[in-house]
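Asks: Next up is a structure, given as structure tokens.
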Amino acid sequence: MSIPLSWYLILAATLFCIGLFGVLSRRNAIAILLGIELMLNAVNINLVAFWRYRDPAQMAGQVFAVIVFAVAAAEVAVGLALIISVYRRSNTIVADDIDLMKW
Amino acid sequence: MTVEQIIFIITGLFTLGSAFMVVTTQKLIQAALWLVSALFGVTILYAILQADFLAVVQVVVYIGAIAVLFIFAVMLTRKELRDQGSQTRSNWWIAALLGALVLAGLVFLIIGEPAFNRMAQAIPAGVDTLRNLGTALVSPDAYVMPFEVASVLLLSALVGAVYIASRKGEEK
Amino acid sequence: MENYIIWLLPLPPLLSFFLIILFTNKNKKISHSIAIGAAGLSWLGSMAVFICALGVKEFGKHVYGSAINWLPTGTTWFKIGVMIDPLSAAVVFFVAWTVLAIFIYSVGYHNFGQPKGDHDIAGLPPHGATITDQHGHQHTVPSIEPMYSRFFAFISLFAFGMYTLVVSDNLLTLFVGWEIMGLCSYLLIGFWFGKPSARNAAVKAFMTTRIGDVFMLLGIAFIYSFTGSLSFRDIFKPGMLQALASTPAFFGLSAAGIIGLLLFIGTVGKSAQWPLHVWLPDAMEGPTPVSAMIHAATMVSAGVYMVIRMFPLISAGWTVGMPLNTTMGVIAFIGAFTALFAATIAVAQNDIKRVLAYSTISQLGFMIAALGIGAYVAAAFHLVTHAFFKALLFLGSGSVIHGMEHGEMHTGDHSVDPQDMFNMGGLRRRMPITFWTFLIGGFALSGFPILTAGFWSKDEIFAEAFGNGHMVVFIVLAVAAFLTAFYTMRQITLTFFGKPRTEVAEHASESKWTMTLPLIVLAVFAVGCGWVGIPEKFPVLGGILPNWFHEFVGSTLAEVPKAVTFSWTPLLTSLCVALGGLFCGWLAYRKVQSPVEDKLQIPLLKNKYYFDELYNFLFVKPAGWFSEKFAYLFMDRTVIDGILHSVARFSLFLGGFFRNKIDKPVINEFIGDGTGNVVKASGSRLRKIQAGRIQYYMVASVAFLVIFALLYYYLIGGM
């Protein structure tokens, strides 16, 4: 009750940026997905914080967060499946080496 | 400094620290484990925010399923027992710069907005958040549609992941 | 009614020309039938008009004719039309008869009915065909002319030209007919175009008459600009003549004088007077019917007809008794001079047709001299009679030549010239009809008294000359008449009398009826047509028949000229010269066997006073030089072609320049290839952006997001 909303938001922003840093700077594809998870969690924190601090009677915030959970799960599953598939094919999970879409 | 604030700060630092370790550690399996700890931190934050259901779901789904999935994936894609080379790209400083800029921008915006300085109101008595959540998820007036679509999404992800990762015809 | 016929008179020969040319060229029989039919139709029309004209009292005042509006000229119309007045009635009479006679004659002359020749080529005279008779003997017989139909087409066109000229009532259509005949003379003189001599003769005829025609055209233009009309009716109004006579023009002459002189120069060309006489003897290259047509019946007569027609203009301001005005003096001089000049040449010619050619020139001189001294009726009279007996003489000579050729084929001797009189002789027995008709024609030409038409017309000329005091003309013409009779008798003696001088002459034979019938018809006219003009005061015979011709033709003028008072001197003179000339000719030549014995073979005369050589030197060679060296080599090849070639070379240079200096480097390489290369280079550099690495993309997108957010925040402001 004594924590201003802004603290949560700043926390979520920091978490988000750390996740961003991880996405942009890690070589391993799985590590990139880890960074994405961090970003998604930061989003969730934002959502729940806003839910709590505006109108707890309205469930939109939490529902949104639940949906994000589901989406995140689906995304991780498919992403990891892709990475495994790529790994089997070209025996590498270094993101920089997966450049079939280059010119 | 109330107790709440202290708990919040500790939890926050814990979470951020774990997150930092996730993105900087050189060993991938450690990164996955540090992710688990970061997710724990988030769970506590949910609890502080009185979103108890979400806290539990976070543990079960994120840590129990997703983080485990990560660990499995790391195991399945290891060439040797030791990770090779640096796990960070050579131009990590651009990413750091960008992240810092984004953070600075966001913080600046957050601080600049006076509406964000308010405190949380007490949850009115009689509001059962859990019941409301459940109702909202399945009520046709509320969010049953996204709920169902999400389930379809999960189904398709399941099928897709199974198909993509299946070994059939991929052994070369 | 008569007007319609008059308009239609020139039409049948024209139609015949087109029909033959376009359709019936291949079929000889149909062609000559069409031609003779057309000539017959025009003859019929002419006779109808003539007889109707005879019945009209004072025909001169009530002429036939009509005019139509033809060219719009501003506010007025230029009219053309036809007119038959007494003069043109008389002329159309003899034109119709002679044309028809010549057409019928041509059928026989060109050997219709004979087989095609052995090696006859179109363009050369036929050589003869070899046939085998029932005994197996091979004979050469005359062969049919290969270009038979073409001949009839051309003479039809010729007839059309003459009829147009005669019936026209204005100088323009007269000139049209004049020029058509000029064209046809070219076509027909050069009928046997395979012979170079014929080609040259045709060009010579055309060119020489052309010189005359240019001056005539100037005269016509002058009249038109002065009077505003070319119609005879308008020009010969007394007021107009007065104006023309009193307006001074160039060289001290009045307008009438100058115009008369210019028009007369046209006659000098067309009627082969000195100095433009050179074409007529060469025109003998054409077939004989052509010579008859051109030099007797039509073309040369047209020249005299025109000048007779223009007599009121020429004599404007002059009346009988006055001294001659300049134009008339010039005309009289040229006429008399030519008469004597040509007669002197004729006595030295050996070719039967050449003699007749020079004779024609001489007789035309007579007519023109008569007109020059003002003897209008006499000139017209001599024109009519001359047409008949000269046509007769030419056709007769053609018959003689045919007979000689027949003899050639008989004997097989082709080295003998069938036209040379010294190869003939004794043809009297072999070709009787030809002989008698030729004799009649010759006597008429010489002026044999009473019985021949030539006597009456020549006598009238003498009477006029003497009676009006033109002594020089009288004496010159008398000498010329003596020479005329002399060379005519020379011709007849050498051709018909004595013994045949060559084998060819021995085997000559009479011609077919298609040739002899026209001879007989013309002979009748040669005898009889003089009797319409017997002067009233003539001893014994005068007064029995009225001098119908004088009244009739004289009425064409505004006032009928008075018949000259009778005097014995001209009558006796003409008797003397005629009979004397005939007798001397017979006397001198009855024993002559070869040209060597002929004392009159003087080179000067034989070579026609070297006029041809003179003209060749003065005009032909310079013209040739001019056209060859100047016009062709210099102007055409060097200058004009030079310009063209330079233009071409410049264009090529320009094209090459544009191609190599501008097109290729700038447009192709710089713009075309350059753009391509720039695109390629930039593309190959820019594609490296797409590295395929996700993190690049992500870094880039986040960076841009940050930048845009900053820009947004700072530039647009607000949150």
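FYI, it's all coordinate maths here, none of it is from the lab. Since the structure is predicted, the reported quantities are computational estimates derived from the model, not experimental observations. Backbone-built Cβ (ideal geometry, glycine too); neighbour counts: all protein chains shown.
Asks: Within a Cβ distance under 13 Å of residue B:142, other residues only, what is the Lys/Arg minus Asp/Glu net charge?
Replies: Neighbour charge sum, excluding residue B:142 itself: -1.
Asks: Below 8 Å between Cα atoms, with a sequence gap of 6+, how large is the relative contact order for the range C:1-107 in percent?
Replies: Across the range C:1-107, relative contact order equals 31 percent.
Asks: Okay, next question. Length gain on complete extension for the stretch residue C:714 to residue C:569, per 0.36 nm per residue less the alpha carbon to alpha carbon distance? Present the calculation step by step, with values, prior to reporting the outcome.
Replies: On the way: separation 145, 0.36 × 145 = 52.20 nm, distance 14.33 nm.
Between residue C:714 and residue C:569, full extension yields an extra 37.9 nm.
Asks: Mean-square fluctuation check for chain B, GNM, Cα pairs under 10 Å: which of B:138, B:57, B:102 is largest?
Replies: With Cα springs under 10 Å in chain B, the top fluctuation among B:138, B:57, B:102 is at B:102.
Asks: Which residues in the range C:132-147 place their backbone N less than 12 Å from a point set 7 Å from the Cα of residue C:512 along the Cα-to-Cβ direction?
Replies: C:142-145
Asks: Work out the charge dipole of the range B:126-172 with +1 on the Cβ of Lys and Arg and -1 on the Cβ of Asp and Glu about the Cα centre, then indicate which of B:163, B:136, B:126 is farthest towards its positive end.
Replies: B:163
Asks: At q = 0.14, 0.18, 0.21, 0.27 Å⁻¹, what is the log10 ratio I(q)/I(0) for the range C:615-689, with the Debye formula run over Cα points and no solvent?
Replies: Results for the range C:615-689 at q = 0.14, 0.18, 0.21, 0.27 Å⁻¹ read -0.69, -0.82, -0.90, -1.05.
Asks: Can you pick out the pairs among C:61/C:237; C:195/C:608; C:28/C:390; C:79/C:237 whose Cα atoms lie more than 18 Å from each other? If you can, show how the numbers build up before the last one.
Replies: On the way: C:61/C:237 13 Å; C:195/C:608 23 Å; C:28/C:390 28 Å; C:79/C:237 16 Å.
Listed pairs above 18 Å: C:195/C:608; C:28/C:390.
Asks: Are there DSSP H segments in chain B that both extend 18 Å or more along their axis (alpha-carbon positions) and score a mean Kyte-Doolittle hydropathy of at least 1.6? List them, or say none.
Replies: Helices meeting the criterion: B:3-24, B:28-48, B:92-112, B:144-165.
Asks: Taking just the alpha carbons, could you work out the radius of gyration and Dmax for the range C:323-606, both in angstroms?
Replies: Cα only, the range C:323-606: 19.2, 63 Å (Rg, Dmax).
Asks: Also: How far is the Cα center of the range B:37-80 from the Cα center of the range C:198-225, in Å?
Replies: The range B:37-80 and the range C:198-225 have Cα centres spaced 127 Å from each other.
Asks: I would also like to ask the following. What are the residues whose amide H is under 5 Å from the amide H of residue C:254, where those residues sit 5 or more places off or on another chain and H is modelled from the backbone?
Replies: HN-HN under 5 Å from residue C:254: C:249.
Asks: Dividing the convex hull volume of the alpha carbon atoms of chain B by its residue count, what do you get in Å³ per residue?
Replies: Cα-based convex hull of chain B, divided per residue, equals 190 Å³.
Asks: Right, something else. May I ask for the distance between the Cα centers of the range C:681-719 and the range C:545-564, given as a whole number of Å?
Replies: What the calculation gives is 126 Å, centre to centre.
Asks: With r as the distance between the Cβ atoms of residue C:51 and residue C:594 and R0 = 41 Å, compute the FRET efficiency 1/(1 + (r/R0)^6) and round to 0.05.
Replies: Details: r = 52 Å, r/R0 = 1.27.
With R0 = 41 Å, the Cβ-Cβ based efficiency is 0.20.
Asks: Moving to a separate point now. What full-extension length gain, to one decimal in nm, is calculated for residue C:415 and residue C:635 as 0.36 nm per residue of separation minus the Cα-Cα distance?
Replies: Length gained, residue C:415 through residue C:635: 74.5 nm.
Asks: What residue among B:45, B:16, B:98 shows peak mean-square fluctuation when chain B is described by a Gaussian network model with Cα springs under 10 Å?
Replies: In this elastic network of chain B, the residue with the biggest mean-square fluctuation among B:45, B:16, B:98 is B:98.
Asks: Using a Gaussian network model of chain A whose springs link C-alpha atoms within less than 10 Å, name the residue from A:77, A:13, A:65 with the highest mean-square fluctuation.
Replies: A:77
Asks: Another one. Expressed as an acute angle from 0 to 90° and rounded to the nearest 10, what is the orientation of the C-alpha long axis of helix C:453-467 relative to the principal long axis of chain C?
Replies: Roughly 90 degrees, rounded to the nearest 10.
Asks: Quick check: residue separation of residue C:558 and residue C:436 times 0.36 nm, minus the Cα distance between them. What number comes out in nm?
Replies: Using 0.36 nm per residue and subtracting the Cα-Cα distance, I get 39.7 nm.
Asks: Chain C: Rg/Rh from Cα coordinates, Kirkwood Rh?
Replies: In chain C, Rg relative to Rh is 1.31.
Asks: Of C:715, C:505, C:63, which is farthest on the positive side of the dipole of the protein assembly as shown, counting Cα position, with +1 on Lys and Arg Cβ, -1 on Asp and Glu Cβ, and the Cα centre as origin?
Replies: The Cα lying farthest towards the positive end belongs to C:715.
Asks: Given the rule -39500 (n - 2.57) for each run of at least 4 DSSP H residues, summed and divided by the residues of chain C, what is its mean residue ellipticity at 222 nm, to the nearest 500 deg cm²/dmol?
Replies: Rounded to the nearest 500, it is -20000 deg cm²/dmol.
Asks: Per residue of B:12-24, what is the mean number of Cβ atoms on other protein chains within 10 angstrom of that residue's Cβ? Please report the intermediate quantities before stating the final value.
Replies: Values: counts 8, 1, 0, 8, 4, 1, 3, 15, 6, 1, 9, 14, 6.
Per residue, the number of nearby Cβ atoms from other chains is 6 on average.
Asks: Which residues make up the longest stretch of chain C clear of GluC sites (Glu not before Pro) that lie in a DSSP loop with no more than 12 other Cβ atoms within 10 Å, not counting the sites?
Replies: It works out to C:59-558.
Asks: Right, next: Mean separation of Cα pairs under 8 Å and 6+ residues apart, divided by the residue count of chain C: what relative contact order is that in percent?
Replies: 12 percent
Asks: Counting each DSSP H run of 4 or more residues in chain A as -39500 (n - 2.57), what helix-only mean residue ellipticity at 222 nm follows after dividing by all residues, to the nearest 500 deg cm²/dmol?
Replies: So the helix-based figure for chain A works out to -27000 deg cm²/dmol.
Asks: If I fit a long axis through the Cα atoms of helix C:694-711 and take the longest principal axis of the Cα atoms of chain C, what angle between them do I get, 0 to 90°, rounded to 10?
Replies: Here the helix axis deviates by roughly 90 degrees.
Asks: Further, regarding this structure: Please express the Cα-Cα pair-distance distribution P(r) of the range C:283-420 as a list of whole percents, one per 5 Å bin, running from 0 to the bin with the greatest distance.
Replies: 2, 10, 18, 19, 16, 11, 8, 6, 4, 3, 2, 1, 0
Asks: Can you tell me the dipole magnitude for chain A around its Cα centre, using point charges on the Cβ only (Lys, Arg +1; Asp, Glu -1), in Debye to the nearest 20?
Replies: Values: 7 positive and 6 negative charges, 12 e Å.
I would put it at about 60 debye.
Asks: In addition: For n ≥ 4 DSSP H runs only, could you compute -39500 (n - 2.57) per run for chain B, divide by its residues and tell me the 222 nm figure to the nearest 500?
Replies: -21500 deg cm²/dmol
Asks: Once the dipole of the protein assembly as shown is set up with Lys and Arg at +1 and Asp and Glu at -1 on Cβ about the Cα centre, which of C:483, C:416, C:640 lies farthest towards its positive end?
Replies: With unit charges placed on the Cβ atoms, the residue in question is C:640.
Asks: Using a cut-off of under 19 Å, list every residue of the range B:33-63 whose amide N is near the label point 7 Å from the Cα of residue B:127 along the Cα-to-beta-carbon line.
Replies: Inside the label zone: B:46-55.
Asks: Turning to a different aspect of this structure: When the distances between all Cα atoms of the protein assembly as shown are binned every 20 Å from zero, what whole-number percent does each bin get?
Replies: 11, 29, 13, 4, 3, 8, 18, 12, 2, 0
Asks: Can you compute the equivalent ellipsoid semi-axes for chain A, i.e. the square root of 5 times each eigenvalue of the Cα gyration tensor, sorted largest first and rounded to whole Å?
Replies: They are 34, 16, 8 Å, listed largest first.
Asks: Quick one: Debye curve from the C-alpha atoms of the range C:507-662, no solvent, what's log10 I(q)/I(0) at q = 0.10, 0.14, 0.17, 0.18 Å⁻¹?
Replies: Here the Debye-derived log intensity ratios amount to -0.84, -1.09, -1.14, -1.17.
Asks: Here's another thing I want to ask about it. Magnitude of the Cβ-charge dipole of chain C, K/R +1 and D/E -1, about the Cα centre, nearest 20 debye? Write down the numbers at each step before the final one.
Replies: Details: 46 positive and 38 negative charges, 438 e Å.
So the dipole magnitude of chain C works out to roughly 2100 debye.
Asks: Can you give the Kirkwood hydrodynamic radius of the range C:586-719 from its Cα pairs, in Å with one decimal?
Replies: Hydrodynamic radius (Kirkwood, Cα only) of the range C:586-719 equals 26.2 Å.
Asks: Next up: Give the angle, between 0 and 90 degrees and rounded to the nearest 10, that separates the Cα long axis of helix C:28-55 from the longest principal axis of the Cα atoms of chain C.
Replies: 60 degrees
Asks: With +1 on each Lys and Arg Cβ and -1 on each Asp and Glu Cβ, and nothing else charged, work out how big the dipole of the protein assembly as shown is about its Cα centre, in Debye to the nearest 20.
Replies: The dipole of the protein assembly as shown has a size of about 1520 debye.
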